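Have a look at the structure below, then the notes.
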Amino acid sequence: MNVNHLSDRLASVATFVKDGARLADIGSDHAYLPTNLASQDKITSAIAGEVVAGPFQSAQQEIARQELGHMVVARLGDGLAVIEPADQIDTITICGMGGALIVDILAQGLIDGKLATKPRLILQPNVAEDKVRQWLNTHSYEIVDEAMIAENGKFYEVIVADYRDNLQQELTSDDILFGLFNKEKHAAIFQEKWQLELKRTNYVLDQLEQASNRDENKIARYQELKAAIQAQLT
Ligand code: SAM
C-alpha cells in the first residue's frame, strides 16, 4: 500500500468520500488515504490526525514527499481534538481501529463539539462493528451504505452514515449485528465471514458447556448468537 495504490480496504473507504470533501482522517498513520484523495483532486482539503508521534511523523513525511502541503495537514492529537471550526470538516474517516475505540473517539468528539458541522462519517472498524452501528443509531446518524472487503485472509466492514435532524431509521438487533446492506450487496463475503463466526461461536459454546463451573447466562447469550447467525446463512 502507498499513496498511489491504496489497500482494497482503504480504496473502499475512498469511494464513499464525496467529491470536494473537506476531510478529517483520524488515526491516519502514513496519511495514505488523504494524500491519495488529494493527489487526484477528489477533495478540497484534509487533516491527517494522529495521536502517536511516529505515525504522525510518517504522515508529515508522506505529505511533504507528495508536495501536498497546500491541501493536507498532519496534526498531532487525540481523536477529533485535531479538528478546528475553521476547517469546516464535512467528512470524517476513522479506519483500522476497533469499534469500541471508534465509538470512544466519536463520543468524546461529540462532547467537545467536534461534530457540530454534522459531517458524513465513514467508519471502518476492524472488530465490534455492532458497537459502531449502535452508537450511530442512537446519535442521529443514518447508516446510508456499507461495504465488506476480504483482504489478506481478513474481513473488513465499512459503515457510511449521514447526520439527520430527525432520524427515522430504527435498527433491529440483526441490523446492528449484521448490517443493513451487506447480506445483499456482498453476499459471498457475508456468507464466508459469518460461516467463520459460526464456527468460532460453536467452539466457544462447546467450551462453556464443558466448563466445570457453567455460566448459564453466557451460554444463553452464545446460543442466541448462534441462532441469529444460522438464520442469516444460506
Ligand atoms: N487509518 C489507517 C488505516 O486504516 O490503514 C491506519 C490504521 S492504524 C492500525 C491505527 C492508527 O490509529 C494508528 O496510527 C494509531 O496511532 C492511531 N490512533 C489510535 N487511537 C487514536 C486516537 N485516539 N486518535 C488519533 N489516532 C489514533
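For first residues located in region 145-165 and outside any strand (DSSP E or B), partners that are not β-branched (V, I, T) and lie 6+ apart or on another chain with Cβ distances below 6 Å form the pairs R164/S140; R164/E142.
To keep it simple, each residue is scored yes or no on (1) in contact (Cβ under 8 Å) with a residue 24 or more places away in the chain; (2) under 17 Å from the mean Cα position of the chain (by Cα).
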| residue | (1), (2) |
| --- | --- |
| G20 | yes, no |
| A31 | yes, yes |
| P34 | yes, yes |
| A46 | yes, no |
| A86 | no, no |
| L101 | no, yes |
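When G54 is tested against the conditions (1) within 11 Å of the ligand (Cβ to nearest atom); (2) closer than 23 Å to D162 by Cβ; (3) surrounded by fewer than 24 Cβ atoms within 10 Å (Cβ to Cβ); (4) not aromatic (F, W, Y), the lone failure is (2). Every test in (1) surrounded by 21 or more Cβ atoms within 10 Å (Cβ to Cβ); (2) within 12 Å of the ligand (Cβ to nearest atom) is passed by V17 save one, and that test is (2). Taken together, the criteria exclude K193 from residues that are in a helix (DSSP H, G or I), free of Cβ contacts under 8 Å to residues at least 24 places away in the same chain and of a type in the set (K, R).
Considered as a group, the residues in region 159-188 that are of a type in the set (V, I, T) and open to solvent by less than 40 Å² (accessible area, probe 1.4 Å) include one that is farthest from the chain's Cα centre (by Cα), and that residue is I176. Scanning region 116-146 for residues that are within 14 Å of the ligand (Cβ to nearest atom) and open to solvent by 10 Å² or more (accessible area, probe 1.4 Å) yields N126, V127.
The values are calculated or read from the model by the stated rules, or taken from the named source; none is laboratory data. Computed from a predicted model, the values in this text were never measured in an experiment. Reconstructed Cβ throughout: ideal geometry from the backbone, glycine too, with neighbour counts over all protein chains shown. For the accessible areas, the whole protein counts, side chains as well, though only heavy atoms, and no ligand, DNA or RNA atoms are used. Shrake-Rupley method; radii C 1.70, N 1.55, O 1.52, S 1.80 Å.
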